[in-house]
Structure formats: C-alpha cells, structure tokens
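As structure tokens, the structure follows; a few thoughts come after it.
The values are calculated or read from the model by the stated rules, or taken from the named source; none is laboratory data. Keep in mind that this is a model prediction, so the values were computed, not measured. Here the Cβ positions follow ideal geometry from the backbone for every residue, glycine too, while neighbour counts run over all protein chains shown.
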C-alpha cells in the first residue's frame, strides 16, 4: 500500500513540475489572464492525474486469518461478518483463511499471507500474537490488525500493527446482574475455553456483576481447555446443572454449543457469548432460543468495520493497542425478542442503570488483566459452593 502511495505522490510531483514549467514564458509581459488560464489547466490536469493514479477500494486486498473455523456461532463468525461488511460497503477484496486448531501452522499462514502481498492482514485472538510479532516487523509495508489480543509493542518496532482488545468484563458484569436476579437456586455456572486472561476477564466480570446483586451467590467455574470440543463442554455443563446451577455462562467459542445443548436437555438457561446466539437459533430451533435470555456480545464485526473506516480517514492509531468497551459500543448484552420476553422488567432497568454507570466511569469492573494466577484462584474459590 505504501508503494502505491509513494507512486501517487511522485506522479503528482512530476505533473505539477511540468505544469509549472508550461505556465512560464520567456516574455515578462505575460498577462494575468494567461496566468489564470494556465493555473486552471494545471489544476484540471492534476485532478485528472489523481483520478488515474489513486487506487480504488477494489485494489485493497485483505486477508482474514482465523484461529479456528467458521461456524462457531460466536467469535470467528462475527469477524467474518465484519470483513464481509467491509467488502460490501467499500468493495475491498477479502480472503478468509480458516487455519483450524493446529496452532503450529499459524505462523506459516501469517508468513504466506505476507508473502502474497496483502495490504491488510487481520488475525484473531491470542493464538496469533506471537506469529504476528515474529512476522510483521519484517513486512513494514503491510498493515496488520490483531483483535482480542495485542502484540508486545515494547519487544520491537510494530508501528504497522494495530491491536484491539475488548473490555469483556464490562459486558459480563451485566450478564452477572441478570443471572443473579433470575436464578432460583442462587447457584450459577461459568465455563471458559482456557485458563487465560482473555477468558478470565469474562469470568471475573460475571462474578462481580452477580455479587453486586447477591454477595453470597455461588458460581461453579471450570475450563473446557478447548474451543471446539462441544461434547466435552456439554458434559461439563450437565455436571454444573446437576450441582444446582440453573444459569450457565460459557465463553469457549464453538465449544459453548455444548452448553446450549445441555441447557435444552435440562430445561435451564444458558448465556451466549460473542454473537447473538438466541437469534442464531430463532428459526432453526426456537426451543433452544427460548433458553438463551441474552448473550455477552463482543462486537468484533463492528470494531473491524470501525478500524477500516479509520484507515480510510487516516486516523487509525497504528503501533498501538486500543481497549474498547461499553462506552465504545464494542461490548454489551444482546437485546432481542428473547431478552425482552425472558428478562423481567425490573431486572432490565437494573442492567441499563449499571451499563450507563460503567460507560460513565462510575462503576469500575475488576479485570483479569494484571492479576496473578493466585489472585484468580482466590476469586474462583471465594464463590465456590
């Protein structure tokens, strides 16, 4: 992309220099009218040159590298939705590369995409942090965007990398308020895809929100240790329901489908994640949708579109990480027909009040980022039944 811009500038400079030369004569008595006509002609030529040289949106090539596969009804599908909107709205060319679950191949995929000369390479999640750090610095003319993770900017020159992180704890806090108000057993469940800051941020926000309603509430916490093992997740969810949990929040990518199935099997509630999962089932399986009062939304699609718009405006902060939350519209609770039907009115009021207070900075939700393993364990143990 930088090469194209340099070419445009050089072309314009040559044209302008030529026009300046044509606009002069050896006669000192040249009239003001001739000068004006020459200037107008120069401007017209310059504008024509800009039209001929400026790259169209169709020339922008984007690669979306997914640390998994589409069809997760969650995180990755949301990213694909975002780049699809970029393609529809701006005409950019987008190639989606599903890298599967073999993380040993991720860096090779990043390297291959870089060698193919994409203008922008977008990567999903913490699994691509190290591959981006290893590759991006060697391709300064390519722009890289990593979402739901950040490269270590102190480790090198990553001025061509933009990182998006999400304040998932803020949206999870709202889900905790909802769950604690709706639970009949005062026991909730949480299942994460892995024991790491990204997932624990959901968990800690959920616990804090629930505790704001009932300081004595219990939350059974566990990790699937996989983002695509829905049978294992279902087994773990069934175990939590059998222990008395009547609402389970799962942040585990495609594995979370197992929790939804367990909720349907037992007649309990499940909270979705990343995408509006109730609406994904609304037509194909209405009975399933009726058991998803809300999803904790990580609006990956909207934040990728936002990033591309900022690129066009020249305002995207390359070389930096941005943490986006409720006040940015980057996270939140889904608000659909099922939310309106299943969540009591007084609970919706409490959720709205808390959301506004967080956005205004009046409520500060504890985050997993910066906590030690011991501190996270202490929180888990404090709410264990």
(message) Based on this model, can you work out whether residue 202 counts as within 19 Å of the chain's Cα centre (by Cα), modelled with pLDDT of 95 or more, part of a helix (DSSP H, G or I) and outside the structural domain of residue 103 (by TED's automatic domain parsing)?
(response) yes
(message) Regarding segment 26-44, can at least one residue be identified that is at pLDDT 50 or above, surrounded by fewer than 17 Cβ atoms within 10 Å (Cβ to Cβ) and either outside the structural domain of residue 252 (by TED's automatic domain parsing) or over 20 Å from residue 275 (Cβ atoms) (or both)?
(response) no
(request) Scan segment 222-255 for residues that are crowded, with 22+ Cβ neighbours inside 10 Å and either touching a residue at least 60 places away in the same chain (Cβ under 8 Å) or outside the structural domain of residue 376 (by TED's automatic domain parsing) (or both) and jot them down. (result) 227, 245, 247, 248, 249, 250, 251, 252, 253, 254, 255
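Residue-by-condition table, conditions (1) loosely packed, with under 11 Cβ neighbours inside 10 Å; (2) touching a helix residue (DSSP H, G or I) at 6+ places or on another chain (Cβ under 9 Å); (3) outside any loop (DSSP other than H, G, I, E, B):
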{"position": "322", "(1), (2), (3)": "no, yes, yes"}
{"position": "347", "(1), (2), (3)": "no, yes, yes"}
{"position": "351", "(1), (2), (3)": "no, yes, yes"}
{"position": "366", "(1), (2), (3)": "no, yes, no"}
{"position": "375", "(1), (2), (3)": "no, no, yes"}
{"position": "378", "(1), (2), (3)": "no, no, yes"}
(request) Provide a single number: the residues in segment 57-87 that are assigned to a helix (DSSP H, G or I) and closer than 18 Å to residue 312 by Cα. (result) 9
(request) Confirm whether residue 222 is within 25 Å of the chain's Cα centre (by Cα) and farther than 14 Å from residue 376 by Cα. (result) no
(request) Only residues that are out of contact with any strand residue (DSSP E or B) (no Cβ under 6 Å at 6 or more places or on another chain) and modelled with pLDDT under 95: list them for segment 284-298, please. (result) none
(message) So residue 97 passes all but one of these: (1) assigned to a helix (DSSP H, G or I); (2) closer than 22 Å to residue 193 by Cβ; (3) modelled with pLDDT of 95 or more. Which condition number does it fail?
(response) (1)
(request) Confirm whether residue 305 is without any contact (Cβ under 8 Å) to a residue 40 or more places away in the chain, part of a helix (DSSP H, G or I) and either within 15 Å of the chain's Cα centre (by Cα) or exposed (fewer than 14 other Cβ atoms within 10 Å of the Cβ) (or both). (result) no
